[in-house]
Amino acid sequence: KEGGGGFAVAIRDYSQYEKGPVCCVGVMEGKLVVSVANKVLLYQWDVEKRSLIGRGFYDTQVYVVSMKVYRNFILCADYRRGLHLLAWDRDMRLIVHVARDPGVCHVLSTHFAFNGSKLGLIATSMAKRLQIFRFMPEDEDSRVGQKLLLTSDTYLGKKASSLALLRARNLPLSELDALAESKRIG
């Protein structure tokens, strides 16, 4: 875009062979993030060579089924080994492991959730659960930030294979109290 402070690149008629199924695709800082089987790959488009150049990778243990990107963070779900929070280190130019959830669950989908300045990591599982994790390296239970902390666990009753991020409206406490009172039984 001219004058808009950014550039748009159109990639047409380009293909590249990968050893495995491409499951998820995302964009981070103008780079393409792709999950192929158990790998998370980071590519950058080279205009002169008209090809994708590998910039980084990360190997999960089994199979990536869901991936979301926010700023320089990658949240990916390994089908058998749960959530992995990864980050693109600009200085070292590689994808680094930040934290993972301690449990072993069959994750179906992931998403980032925002509550003011707090960042939550959402996962749904084959066990029909919706779980919210937080990355809190200052908490001693997180093992110096290596472990994501479970902050909420809800039984859904159904398997949720996708999530959508929606903005909730802010309600004053008086309206929340009135809403809670109207829903009260008995």
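The values are calculated or read from the model by the stated rules, or taken from the named source; none is laboratory data. Note that this is a predicted model, so its numbers are computed, not measured. Note: ideal-geometry Cβ built from the backbone for every residue, glycine included; neighbour counts use all protein chains shown. Side chains included, ligands, DNA and RNA excluded: accessible areas come from the protein's heavy atoms. Shrake-Rupley method; radii C 1.70, N 1.55, O 1.52, S 1.80 Å.
Take the residues in the stretch 120-141 that are acidic (D, E) and over 22 Å from I74 (Cα atoms), then tell me which one is most open to solvent (accessible area, probe 1.4 Å).
E140
Can you name every residue in the stretch 81-101 that is among the charged types (D, E, K, R) and surrounded by fewer than 17 Cβ atoms within 10 Å (Cβ to Cβ)?
The answer is D89, R90, D91, R93.
Please work out if V104 is open to solvent by 40 Å² or more (accessible area, probe 1.4 Å), among the aliphatic types (A, V, I, L, M), assigned to a strand (DSSP E or B) and under 17 Å from L148 (Cβ atoms).
no
Is there a residue being charged (D, E, K, R), farther than 16 Å from V33 by Cβ, open to solvent by 30 Å² or more (accessible area, probe 1.4 Å) and touching a His at 6+ places or on another chain (Cβ under 9 Å) anywhere in the stretch 72-80?
Taking every residue of the stretch 72-80 in turn, at least one turns out to be charged (D, E, K, R), farther than 16 Å from V33 by Cβ, open to solvent by 30 Å² or more (accessible area, probe 1.4 Å) and touching a His at 6+ places or on another chain (Cβ under 9 Å).
Among the residues that make up the stretch 87-95, is at least one of them under 15 Å from L148 (Cβ atoms) and touching a strand residue (DSSP E or B) at 6+ places or on another chain (Cβ under 6 Å)?
Yes, there is a match, as at least one residue in the stretch 87-95 is under 15 Å from L148 (Cβ atoms) and touching a strand residue (DSSP E or B) at 6+ places or on another chain (Cβ under 6 Å).
Show the residue pairs that are 6+ apart or on different chains and have beta-carbon atoms under 9 Å apart, the first residue being within the stretch 78-106 and farther than 11 Å from G56 by Cβ, the second being open to solvent by 60 Å² or more (accessible area, probe 1.4 Å) and hydroxyl-bearing (S, T, Y).
Matching pairs, first to second residue: D78/Y63; Y79/Y63; R80/Y63; H106/Y79.
Scanning the stretch 142-164 for residues that are in contact with a Phe, Trp or Tyr (Cβ under 7 Å, 6 or more places away or on another chain) and open to solvent by 50 Å² or more (accessible area, probe 1.4 Å), which turns out nearest to C76 (Cα to Cα)?
L150
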